[in-house]
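**Student:** Sharing a structure here in structure tokens format.
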Amino acid sequence: MSIDAFATAETQDLLRAACNLDGQNGNPRFKQIFHRVLSDLFKAIDDLDITPEEVWTGINYLNRLGRDGEAALLAAGIGLERYLDICMDTADRKAGIQGGTPRTIEGPLYVAGAPVRDRVARIDIDPDPDADPLVIHGIVTGVDGKPVAGAVVECWHANSKGFYSHFDPTGEQSPFNLRGAVRTGADGKYELHTLMPVGYGCPPQGATQQLLDLLARHGNRPAHVHFFVSSDHHRKLTTQFNIAGDPLIWDDFAYATREELIAGVTAKTGGIALGLKADNYRDIEFNFELTPLVQGKDNQIVNRLRAVARA
Ligand code: MBD
Ligand code: FE
């Protein structure tokens, strides 16, 4: 039951004043967005009779979220990052852009600075006795099906405990373990030698899991591998594959699974000859189809704060 405080002149004047809407200075774009978001919050407090105790619980949660460094993790878990993809997909459809490997969320665990190798890279640096060797390979093409030479395929994924280097709570991994980049040759092909990942789980004591608990939701992802694929003449692709057979494949807490992004695994032998740690290994073929620039520009570059390390 609403107490009708929102629509009063007093509240509306307060919102305009708090956002300095009538002042000349400041960032006009930020003023517009902040006025809308703050207004929506005030309206929700009125509409839902949100109590002062509930508001302060929320404020204190923001402090906790920042202390835990989990704001970007929460953005994935509440579907906000997925929604940004839905918006970009919708914009592409409206612009008549068709084809290409589907995009899906970057997530919060990329680290810039991995060394770029030609065609083939071995990216498992640290031993992981519980993980089978895995070869990931495929071809980068345009929507015309022609190979893209000189494309850079960046890859990152978790180890057998579901932990990513740089963000590993045990501190046990080298900076670029299970992270790497390969440049395609004239045939458009890339190949990564690595180890089988396991799905990620949110830190059980963290702010994100605390919120998910109130929603009776888990904070787990199926086993997956992330990619950026860049080429001078195409739009940069941000995507992942999820590994077929993982029980969480359609129950990802970050909503990144898409039908075209499920990768099947084949058992192979001959790993020793390839320089892998065992002769039996897993093989995943995954091809990337890049979309052309739009009027000479990449309109899907997303600039966001990212971790950087030195190899
Ligand atoms: C991950 O590995 C991930 O990909 C996302 C989106 C969120 C948390 C961990
Ligand atoms: Fe991930």
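The values are calculated or read from the model by the stated rules, or taken from the named source; none is laboratory data. None of these values were measured; they are calculated from a predicted model. Backbone-built Cβ (ideal geometry, glycine too); neighbour counts: all protein chains shown. SASA here: full protein model, heavy atoms, side chains in, ligands and nucleic acids out. Shrake-Rupley method; radii C 1.70, N 1.55, O 1.52, S 1.80 Å.
**Student:** Residue check: is H224 open to solvent by 60 Å² or more (accessible area, probe 1.4 Å) and within 13 Å of ligand 2 (Cβ to nearest atom)?
**Tutor:** Spelling it out, it is not the case that H224 is open to solvent by 60 Å² or more (accessible area, probe 1.4 Å) and within 13 Å of ligand 2 (Cβ to nearest atom).
**Student:** Something else now. Within the stretch 66-75, is even one residue small (G, A, S), over 29 Å from the mean Cα position of the chain (by Cα) and open to solvent by 50 Å² or more (accessible area, probe 1.4 Å)?
**Tutor:** For the stretch 66-75, residues small (G, A, S), over 29 Å from the mean Cα position of the chain (by Cα) and open to solvent by 50 Å² or more (accessible area, probe 1.4 Å): absent.
**Student:** Also: Tell me, please, whether a residue that is at pLDDT 95 or above, within 11 Å of ligand 1 (Cβ to nearest atom), in the same structural domain as V140 (by TED's automatic domain parsing) and open to solvent by 50 Å² or more (accessible area, probe 1.4 Å) can be found in the stretch 96-114.
**Tutor:** No, there is no match, as no residue in the stretch 96-114 is at pLDDT 95 or above, within 11 Å of ligand 1 (Cβ to nearest atom), in the same structural domain as V140 (by TED's automatic domain parsing) and open to solvent by 50 Å² or more (accessible area, probe 1.4 Å).
**Student:** Considering every residue within the stretch 237-248, establish whether at least one is of a type in the set (G, A, S) and either away from ligand 1 (no atom under 11 Å from the Cβ) or over 19 Å from A75 (Cβ atoms) (or both).
**Tutor:** If we filter the stretch 237-248 for residues that are of a type in the set (G, A, S), which is where we start, we get 244-245.
Next cut, either away from ligand 1 (no atom under 11 Å from the Cβ) or over 19 Å from A75 (Cβ atoms) (or both) only: 244-245.
Among the residues of the stretch 237-248, at least one is of a type in the set (G, A, S) and either away from ligand 1 (no atom under 11 Å from the Cβ) or over 19 Å from A75 (Cβ atoms) (or both), which makes the answer yes.
**Student:** Shifting gears a bit: Considering (1) under 22 Å from the mean Cα position of the chain (by Cα); (2) away from ligand 1 (no atom under 15 Å from the Cβ); (3) open to solvent by less than 10 Å² (accessible area, probe 1.4 Å), say which one T208 fails and leave the rest.
**Tutor:** Here T208 meets the rest and fails (2).
**Student:** Looking at (1) away from ligand 1 (no atom under 16 Å from the Cβ); (2) aliphatic (A, V, I, L, M); (3) open to solvent by less than 50 Å² (accessible area, probe 1.4 Å), which one does I125 not meet, given that it meets all the others?
**Tutor:** Unmet for I125, out of (1) away from ligand 1 (no atom under 16 Å from the Cβ); (2) aliphatic (A, V, I, L, M); (3) open to solvent by less than 50 Å² (accessible area, probe 1.4 Å): (3).
**Student:** Restricting to the stretch 84-95, give me the number of residues that are surrounded by 13 or more Cβ atoms within 10 Å (Cβ to Cβ) and either of a type outside the set (A, V, I, L, M, F, W, C) or not assigned by TED's automatic domain parsing to the domain that holds K236 (or both).
**Tutor:** 3
**Student:** Could you pull out the residue among L84, L74 that is in contact with a Leu (Cβ under 8 Å, 6 or more places away or on another chain), among the aliphatic types (A, V, I, L, M) and in a helix (DSSP H, G or I)?
**Tutor:** Testing whether each residue is in contact with a Leu (Cβ under 8 Å, 6 or more places away or on another chain), among the aliphatic types (A, V, I, L, M) and in a helix (DSSP H, G or I) leaves just L74.
**Student:** Pairs, please: C-beta under 9 Å, at least 6 apart or cross-chain, first residue in contact (Cβ under 8 Å) with a residue 60 or more places away in the chain and in the stretch 76-89, second assigned to a helix (DSSP H, G or I) and open to solvent by 50 Å² or more (accessible area, probe 1.4 Å)?
**Tutor:** The qualifying pairs are A76/R82.
**Student:** Give the residue that is farthest from the chain's Cα centre (by Cα), with candidates limited to residues of the stretch 283-305 that are open to solvent by less than 60 Å² (accessible area, probe 1.4 Å) and under 18 Å from V152 (Cα atoms).
**Tutor:** L293
**Student:** Then there is this: Looking at the stretch 227-241, which of its residues are within 12 Å of ligand 2 (Cβ to nearest atom) and either among the aromatic types (F, W, Y) or under 10 Å from H157 (Cα atoms) (or both)?
**Tutor:** F227, Q240, F241
**Student:** Something else: If a residue has to be out of contact with any strand residue (DSSP E or B) (no Cβ under 9 Å at 6 or more places or on another chain) and either within 16 Å of ligand 1 (Cβ to nearest atom) or free of Cβ contacts under 8 Å to residues at least 40 places away in the same chain (or both) to count, how many in the stretch 153-184 make the cut?
**Tutor:** 8
**Student:** Continuing with the same structure: Restricting the search to the stretch 211-221, which residues are open to solvent by less than 30 Å² (accessible area, probe 1.4 Å) and within 16 Å of ligand 2 (Cβ to nearest atom)?
**Tutor:** Filtering the stretch 211-221 down to residues open to solvent by less than 30 Å² (accessible area, probe 1.4 Å) leaves 212, 219, 221.
Scanning the stretch 211-221 gives G219, R221.
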